[in-house]
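First up is the structure itself, then whatever we jot down about it.
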Amino acid sequence: MDLSQVIHHENKNKPKEEKHVFEVSNLNLWYGDDQALYDINMNIPENQVTAIIGPSGCGKSTFLKTLNRMVEMVPSVKTSGNIKYKGTNIFDPKLSVEDLRTHVGMVFQKPNPFPKSIYDNIAYGPRIHGIKKKRDLDEIVEKSLRGAAIWDEVKDRLDENAYGLSGGQQQRLCIARCLAIEPDVILMDEPTSALDPISTLKVEELVQELKENYSIIIVTHNMQQAARVSDKTAFFLNGELVEFSDTNVLFSNPEDQRTEDYITGRFG
Amino acid sequence: MNGFLSKEEWKKRLNRRLFINRIFYILFFAATTIGLIFLAMLLYRVLTQGIGYLSWDFIKGFPAPYPEEAGIFAGMIGSVYLIAIVAPVSLVLGVSTAIYLEEYAPKNRISRFIQGNIQNLAGVPSIVFGLLGLTFFVYIMDFGYSLLAGGLTMSLLVLPIIVVAAQEAIRSVPNELKEASYGMGATKWQTILRVVLPASIPGILTGSILALSRAIGETAPLLIVGAAAAIYSLPDSLLGPYTAMPIQIYSWVSRPGEEWPLVAAAGIIVLLIVLLLMNAVAVFIRNKFQKRY
Amino acid sequence: MDTSSTIKKKTLDVQEKIRQNKEKQKVLRKLEKVVPAFLLLCAGFSVITTAGILFTLLKEAIGFFGVVPLNEFFFNTSWRPWSGSFGVLPLITGTLLITLIAILVALPLGIAAAIFLSEYASARVRKMIKPTLEVLAGIPTVVYGFFALTFVTPVLEKLIPDLQIFNALSAGIVVGIMIIPMVASLSEDAMNAVPNSLREGAMAMGSTKFEVAMKVVLPAAFSGVVASIVLAISRAIGETMIVTIAAGQSPNFTFDPTMSIQTLTAFIVQGTSGDTTYGSTIYYSVYAVGITLFVFTLAMNLLAQYIARRFREEY
Ligand SMILES: Nc1ncnc2c1ncn2[C@@H]1O[C@H](COP(=O)(O)OP(=O)(O)OP(=O)(O)O)[C@@H](O)[C@H]1O
Ligand SMILES: [Mg+2]
């Protein structure tokens with residue numbers, strides 16, 4: 001775990017008081033009668049990368065999708081407890097999910113560009129929110145593609161269908177699409193699990209760059225990845241949050257025996 | 001296996017089984033081709049009989065008491081007018097129904113009822129739709145034996161076919177695309193309008209064209225709701241009398257004499273060409289927009 | 001790291017713009033409520049159509065049974081509506097005769113084609129034959145009627161000199177050809193759903209393809225095949241133009257296929273043609289015949305759905 005310590009040693013000098021984008025308290029979640037999340041309490045810091053690790057089926061994706069309320073697309077879902085996004089309760093009936101999701105963007109496991117041109121993919125978000133002027137859209141498209149470090153690769157083929165891009169390019173396009181509405185938070189659910197090592201590396205570098213301006217929460221199966229990219233790491237097991245601490249602490253000196261078992265590869 | 005049989009005996013049986021296998025292979029193949037042979041004969045017969053009467057005059061001509069003068073123009077235009085009613089009505093109703101069932105309907109008994117109802121409606125004989133049209137559109141709504149009554153009757157007839165085709169197309173849009181849209185704060189209707197429909201339009205179009213070509217060939221319901229055979233002008237209003245290609249063909253088929261079947265065959269050629277073109281368009285759309293996700 | 005610093009060096013604040021646009025988006029929120037209501041209304045049309053069919057058939061049929069008693073309708077063996085005898089049996093036997101002949105044609109040919117396509121044919125051959133068979137299903141029935149009358153009947157006449165010009169045999173055969181694609185493609189679907197492991201098991205024991213098809217695939221796909229046949233029966237019962245053109249308009253109470261007969265559907269065409277006046281007993285009788293037809297086909301469709309559902313549960 002030397003690598004993570006090298007990357008993060010500067011963070012140690014940061015002032016301890018940190019702002020939170022999400023404050024999760026006593027969160028429980030059920031799919032029908034099956035409980036998938038148990039009493040989660042967790043404060044997610046702003047402008048940092050938070051990694052979520054844990055064995056398959058432990059509720060990582062469920063937790064992530066709760067943060068932008070995408071989990072509610074499954075009709076049987078019930079929740080209890082509280083999640084505050086920058087001080088506002090996200091379950092408040094007065095807050096629309098559309099509003100929440102314009103501030104909390106999401107990147108999915110499989111690259112999922114629309115079957116449209118590269119330009120229209122990026123312009124999708126702004127357009128649905130009523131930004132129609134060609135000049136504005138042009139600016140947003142370029143800025144977002146640059147932000148996702150893919151501008152140079154696609155600037156000459158903006159009118160081509162996004163399906164012509166490679167898997168890695170598609171995923172960065174999806175990140176750019178997410179950046180286009182300038183959310184505050186980006187949720188990423190195993191964004192590199194469908195990519196080759198080189199594309200993975202590019203996305204990881206991108207995450208590092210983006211954290212200057214965005215709060216990023218990333219689910220990953222890959223512990224090296226969590227160690228490489230994140231500032232804080234949460235370990236989930238069977239729907240419970242077992243441990244949540246600074247990444248270097250969690251990987252070098254876990255408090256909980258189960259965390260240690262997991263990161264040393266004894267199960268999962 | 002051959003414990004009780006001598007080697008020769010066993011071999012003989014095996015040969016017999018292989019022989020039977022061979023015979024049935026040929027039989028199954030022959031049975032399959034019978035339908036195709038029938039199709040070939042039908043087309044050949046229609047072509048050889050009708051080609052002599054197929055001329056520019058036939059295409060531009062109106063119905064007439066003499067075979068040499070009869071033409072299919074009124075029928076063609078009538079069919080076009082019918083489709084001009086059927087297409088918008090059945091597409092709006094059908095696609096809306098499909099969107100509702102696939103995207104909005106809660107998984108409850110009402111939705112299941114509507115779904116089952118559509119399936120059953122698709123199995124109702126077309127002539128029964130004719131009876132519905134006769135009572136409802138011709139008499140109760142008092143449209144009379146008019147283009148409008150015929151068009152609306154046909155719309156209801158193809159509605160279930162279009163619903164089913166559109167549902168299939170909508171269902172084939174991957175969930176990931178919808179998630180991407182919702183994830184950016186799009187509303188449900190925005191997602192449907194900008195993601196689901198564009199992605200499913202080729203499928204919807206292909207299915208709809210096939211459904212409409214069914215409407216073009218349908219005869220029975222139009223006979224019931226009063227499409228007339230002897231029409232000497234083009235329909236001038238929605239409530240005017242009209243005819244259609246299959247109605248013309250039917251009236252020629254059922255006339256006595258040596259010549260009329262030949263006229264009917266000429267009409268059939270025109271009808272089949274129209275259907276062929278529509279199917280070609282449908283296949284073209286399907287191939288051009290073949291699923292890329 | 002310099003690209004990232006440009007990201008939010010704000011020349012254009014998107015979130016701010018979105019906030020400004022929110023007022024305009026109000027319309028959208030309204031639409032979000034109106035649209036599902038509109039869609040549900042459209043979906044309601046199919047239900048209304050069904051209700052309309054039931055209502056019209058029942059209403060006019062009840063008018064009919066006010067004049068003609070039920071037992072005359074169902075047990076009298078003569079259908080001469082213009083001379084006042086309304087026994088539906090000849091129409092039913094006519095319909096059954098056509099259906100029987102059609103199924104005798106379509107059942108062996110359709111199932112054989114399904115077995116050939118699913119068990120013997122290579123992918124390439126299947127790709128060629130299947131769409132061509134589907135063409136048979138796309139040909140308008142008036143064309144089949146023409147072919148039955150002007151080609152099939154004359155050919156049959158050579159074999160059976162007593163054949164009447166309008167006869168059940170010719171019409172029935174052609175209806176049978178018309179429903180082959182239905183039997184073939186639905187049966188083939190059912191056979192394709194049979195897991196390959198079953199076939200491989202039988203193959204491993206040295207069975208020939210024919211034995212596999214007959215002893216493994218056909219029994220396993222049995223209910224699916226039956227469902228396809230029931231559906232085809234329903235189609236044959238409801239078929240109108242072929243029988244109107246080729247089988248004639250003579251409601252004979254007979255099972256002789258060489259005779260001219262009249263089916264339920266053919267009478268509906270005859271009974272609604274021009275000279276029938278609205279409100280006359282003949283007008284009403286059309287609906288009594290219509291509801292009989294409707295009940296027959298609906299029963300077959302429901303039966304097919306029931307069998308098919310059971311079939312799906314098996315896998
Ligand atoms: N749509 C659903 N309906 C019912 N149960 C679900 C649904 N989605 C997930 N679950 C259940 O919730 C639990 C958590 O699932 P989740 O997808 O969050 O796990 P995960 O940690 O993301 O796993 P993975 O690493 O495999 O992606 C699992 O037991 C799963 O079976
Ligand atoms: Mg997951």
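Overview of results
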read-out	value
Amide proton proximity set for A:V77, modelled H, under 5 Å, gap of 5+	A:G32
Of A:D156, A:D138, A:D99, the one that fluctuates the most in a GNM where chain A has Cα springs shorter than 10 Å	A:D156
Over chain C: helical MRE at 222 nm, DSSP H runs n ≥ 4 each giving -39500 (n - 2.57), nearest 500	-23000 deg cm²/dmol
Selected from B:E218, B:E69, B:E179 as most flexible by GNM, with chain B as the system and alpha-carbon contacts under 10 Å	B:E179
Chain C: radius of gyration and largest Cα-Cα distance (Dmax), Å	28.0, 98
Protein accessible area in the protein assembly as shown, 1.4 Å probe - carbon and sulfur %	61 percent
Relative contact order (%) - criterion: Cα under 8 Å, at least six apart; region: segment C:226-289	24 percent
Per-residue [θ]222 nm for chain B (sum of -39500 (n - 2.57) over DSSP H runs n ≥ 4, rounded to 500)	-23000 deg cm²/dmol
Interface size B-C, as summed buried accessible area [1.4 Å probe, Å², nearest 100]	6500 Å²
Exposure rule at most 13 other beta-carbon atoms within 10 Å, DSSP loop trypsin sites (Lys or Arg not before Pro): chain B longest free segment	B:108-290
10 Å Cβ neighbours from other chains, averaged over peptide B:128-140	6
Charge dipole of segment B:58-289 about the Cα centre (unit charges at C-beta), most positive-ward option of B:L239, B:L93, B:F143	B:L93
Dipole axis of the protein assembly as shown (+1 Lys, Arg; -1 Asp, Glu on Cβ), positive-most option in B:I72, B:T187, A:Q257	B:I72
Solvent exposure, largest accessible area first (probe 1.4 Å, DNA, RNA and ligands not counted), of A:H129, A:H103, A:H221	A:H221, A:H103, A:H129
Residues along segment B:237-262 losing 20 Å² or more of accessible surface when the other protein chains are present rather than the chain by itself (probe 1.4 Å)	B:Y250, B:V253, B:P261
Solvent-accessible area per residue for segment B:52-185 (1.4 angstrom probe, square angstrom)	37 Å²
Gaussian network model of chain C, Cα within-10 Å springs - most flexible of C:R235, C:R199, C:R19	C:R19
Positions from segment C:188-210 whose accessible area shrinks by 30 Å² or more when the full protein complex is built, not the chain alone, probe 1.4 Å	C:T208, C:F210
Debye, to nearest 20: dipole size of segment B:58-289, +1 on Lys, Arg Cβ, -1 on Asp, Glu Cβ	840 debye
Given charges at beta-carbon only (K, R positive; D, E negative), |dipole| of segment B:7-50 in Debye	340 debye
Unit charges on C-beta of K, R, D, E only; dipole of the protein assembly as shown, Debye	420 debye
Rounded FRET efficiency, nearest 0.05, which uses the C-beta distance separating B:L27 from C:F253 and R0 of 25 Å	0.10
Protein-only accessible surface order, largest first, of B:W252, B:W10, B:W56 at 1.4 Å	B:W56, B:W10, B:W252
Mean Cα-pair separation over length for chain C, i.e. relative contact order, pairs under 8 Å, 6 or more apart, %	24 percent
Shielded residues, segment C:284-311 - accessible-area loss of 50 Å² or more between chain alone and all protein chains, probe 1.4 Å	C:Y287, C:Q305
Residue mean of other protein chain beta carbons inside 10 Å, A:135-143	2
Listed residue (B:M41, B:W10, B:I23) projecting farthest to the positive dipole end of segment B:7-50, Cβ model	B:W10
Computed helical MRE - 222 nm, chain A, DSSP H runs ≥ 4 contributing -39500 (n - 2.57), nearest 500	-10500 deg cm²/dmol
Which of C:V34, C:V47, A:V74, A:V104 is most accessible, then next, and so on - probe 1.4 Å	C:V34, A:V74, C:V47, A:V104
Cα centroid separation, segment C:283-297 to segment C:11-29 (Å)	60 Å
Accessible area per residue, Å², chain C with all protein chains present, probe 1.4 Å	44 Å²
Shielding by partners - mean other protein chain Cβ count within 10 Å, residues of B:96-106	5
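The values are calculated or read from the model by the stated rules, or taken from the named source; none is laboratory data. What you see is a predicted model; the values in this text were computed from it and never measured. Note that each Cβ is placed from the backbone with ideal geometry, even for glycine, and that neighbours are counted across all protein chains shown. Side chains are part of the model used for accessible areas, which takes the heavy atoms of the whole protein and leaves out ligands, DNA and RNA. Shrake-Rupley method; radii C 1.70, N 1.55, O 1.52, S 1.80 Å.
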